[in-house]
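S.K.: To start, I am sharing the structure in question, which I have written as structure tokens.
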Amino acid sequence: MNAPHPFSDHDMIEGRAIANGLSVDVEDWFQVGAFETVIDRADWDSISTRVEDNIARILDLFGEAGVKGTFFTLGWIAERHPSMVRRIAEAGHEIASHGYDHARVFTFERKAFADDIRKAREILEDCSGQEVTGYRAPSFSVDPRCLWAFEELAEQGYAYSSSVAPVRHDHYGWRDAPRFAFNPVEGSDLVEIPVTTAMLGKRRVGAGGGGFFRVLPYAFSRWAIRQVNKVDQRPAVFYFHPWEVDPDQPRVANAPIRSKLRHYTNLDKMDGKLATLVAEFDWGRMDEVARREARRAKPFIRPPVEAKALS
């Protein structure tokens, strides 16, 4: 959508809600950050995947609701499920990169990160037949320790990233990052679209989906998205994972108790909550959101110390 700044006609005609960004982080149940200390990457190929059936359910849900979204997909998954990636693309959804194998960005040196995103992109483009222009870091792992990641994304020609969670969290986050679109690299058109936060008084709270959506009452997400749309007059960025619609997935008995609570709580309620969400608000692909938000993006002022994450 290339309407004049700040909103497209779709956003504002006759009071229609702003079109929010709908996204799926395509990884399987054993690849999540919560289990990275108990499930070795070397064992992944010996584990039965469940992602194809879960993606089929999501495509049906989106199709019934008449919405399009962005599927940030691991290269590892695409290598093993190329026909699934093609089906997503053929349904009119965007294929974007989630890196190759869910390694967090701050664990890389820059060259290794460059190789990772190049490899994942080549696989995704080959499987989907689409040009891949978007990237989301595993576990929203771009923070002040690795701002060079933005420079590498810009050099490789990505149009946008959605890799920052501007909130304090024990698993991820960059609490002082901008809440809305910004240009992280001077002289580049690359735009970062952070995942959604809302304001509870003077405190930022995570409200972009995932565990926040699944564990908390639906009314919380409704309140947060309405606040972002009506008060901030910006699109929300929402995400979830295929394993979150799969209450029958295997249980990891030796995972930390906090990880198990986060991962397994309310899996059986996710289908119904998602159906309500996609019906209640307007949604679109992340590349469309990025094109609109690029016109409102603010220049980024780097923090004075990049070696320490503000999380």
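The values are calculated or read from the model by the stated rules, or taken from the named source; none is laboratory data. Fair warning: this is a prediction, and the values are worked out from it, not measured in the lab. Neighbour counts are summed over all protein chains in view; Cβ atoms, including those assigned to glycine, are modelled from backbone coordinates with ideal geometry. Please note that ligands, DNA and RNA were not included when accessible areas were found on the heavy atoms of the full protein model with its side chains. Shrake-Rupley method; radii C 1.70, N 1.55, O 1.52, S 1.80 Å.
S.K.: Of the residues that sit in region 183-217 and are open to solvent by 60 Å² or more (accessible area, probe 1.4 Å) and of a type in the set (Gly, Ala, Ser), which one is nearest to HIS169 (Cα to Cα)?
M.R.: GLY201
S.K.: Under 9 Å between Cβ atoms, which residue pairs at least 6 apart in sequence (or on different chains) link something in region 206-227 that is within 16 Å of VAL167 (Cα to Cα) with a partner that is in a helix (DSSP H, G or I) and of a type in the set (Val, Ile, Thr)?
M.R.: Matching pairs, first to second residue: ALA207/ILE225; ALA207/VAL228.
S.K.: Would you confirm whether or not region 268-278 contains a residue that is of a type outside the set (Asp, Glu), touching a helix residue (DSSP H, G or I) at 6+ places or on another chain (Cβ under 6 Å) and part of a loop (DSSP other than H, G, I, E, B)?
M.R.: No; the residues of region 268-278 include none that is of a type outside the set (Asp, Glu), touching a helix residue (DSSP H, G or I) at 6+ places or on another chain (Cβ under 6 Å) and part of a loop (DSSP other than H, G, I, E, B).
S.K.: When region 62-88 is examined, which residues are found to be under 15 Å from ARG285 (Cα atoms), out of contact with any helix residue (DSSP H, G or I) (no Cβ under 6 Å at 6 or more places or on another chain) and in a helix (DSSP H, G or I)?
M.R.: Within region 62-88, PHE62, GLY63, ILE88 meet the criteria.
S.K.: Among ARG168, ARG203, ARG145, ARG175, which is the only one that is without any contact (Cβ under 8 Å) to a residue 12 or more places away in the chain, farther than 22 Å from LEU22 by Cα and over 15 Å from the mean Cα position of the chain (by Cα)?
M.R.: Details: ARG168 fails: without any contact (Cβ under 8 Å) to a residue 12 or more places away in the chain; ARG145 fails: without any contact (Cβ under 8 Å) to a residue 12 or more places away in the chain; ARG175 fails: without any contact (Cβ under 8 Å) to a residue 12 or more places away in the chain.
Criteria check complete, one pass: ARG203.
S.K.: Residues of region 265-278 being open to solvent by 60 Å² or more (accessible area, probe 1.4 Å) and over 20 Å from the mean Cα position of the chain (by Cα), which ones?
M.R.: ASP268, LYS269
S.K.: Which condition number in (1) touching a Pro at 6+ places or on another chain (Cβ under 8 Å); (2) open to solvent by less than 20 Å² (accessible area, probe 1.4 Å) is the one that ARG296 fails?
M.R.: (2)
S.K.: Of the residues that sit in region 215-251 and are out of contact with any Lys or Arg (no Cβ under 7 Å at 6 or more places or on another chain) and of a type in the set (Ser, Thr, Tyr), which one is nearest to ALA96 (Cα to Cα)?
M.R.: TYR239
S.K.: Here's a follow-up. Of these, GLU131, GLU192, which one is without any contact (Cβ under 8 Å) to a residue 24 or more places away in the chain and within 20 Å of ILE95 (Cβ to Cβ)? Give the derivation first.
M.R.: Numbers: GLU192 fails: without any contact (Cβ under 8 Å) to a residue 24 or more places away in the chain.
The match here is GLU131.
S.K.: Would you please name the residue that is nearest to GLU36 (Cα to Cα), looking only at residues in region 100-150 that are of a type in the set (S, T, N, Q) and open to solvent by less than 50 Å² (accessible area, probe 1.4 Å)?
M.R.: Taking region 100-150 as the starting set, the residues that turn out to be of a type in the set (S, T, N, Q) are 107, 128, 130, 133, 139, 141.
The next check asks that each one be open to solvent by less than 50 Å² (accessible area, probe 1.4 Å); those that pass are 128, 130, 133, 139, 141.
On the way: SER128: 28, GLN130: 31, THR133: 28, SER139: 12, SER141: 14 Å.
That would be SER139.
S.K.: Run ARG262 past the list (1) in contact with a Gly (Cβ under 6 Å, 6 or more places away or on another chain); (2) open to solvent by less than 40 Å² (accessible area, probe 1.4 Å) and report the number of the one that doesn't hold.
M.R.: All conditions are met except number (2).
S.K.: Okay, next question. Output yes when any residue across region 282-294 is at pLDDT 95 or above, in a loop (DSSP other than H, G, I, E, B) and on the phi > 0 side of the Ramachandran plot, and no when none is. Give the steps one after another, and end with the answer.
M.R.: Let us first name the residues in region 282-294 that are at pLDDT 95 or above, namely 282-294.
Cutting the leftovers down to in a loop (DSSP other than H, G, I, E, B) gives us 282, 285, 294.
With the extra rule that they be on the phi > 0 side of the Ramachandran plot, the set shrinks to none.
No: zero hits.
S.K.: Turning to a different aspect of this structure: Check TRP223, TRP174 and return the single one that is modelled with pLDDT under 95 and among the hydrophobic types (A, V, I, L, M, F, W, C).
M.R.: Answer to the check: TRP174.
S.K.: Consider TYR172 carefully, then state whether it is closer than 18 Å to HIS102 by Cβ, touching a Ser or Thr at 6+ places or on another chain (Cβ under 7 Å) and open to solvent by 10 Å² or more (accessible area, probe 1.4 Å). Working first, answer last.
M.R.: Details: closer than 18 Å to HIS102 by Cβ: yes; touching a Ser or Thr at 6+ places or on another chain (Cβ under 7 Å): yes; open to solvent by 10 Å² or more (accessible area, probe 1.4 Å): yes.
Yes: the conditions hold for TYR172.
S.K.: Out of (1) in a loop (DSSP other than H, G, I, E, B); (2) hydrophobic (A, V, I, L, M, F, W, C); (3) modelled with pLDDT of 95 or more; (4) surrounded by fewer than 15 Cβ atoms within 10 Å (Cβ to Cβ), the odd one out for ILE301 is which?
M.R.: Every listed condition holds for ILE301 apart from (3).
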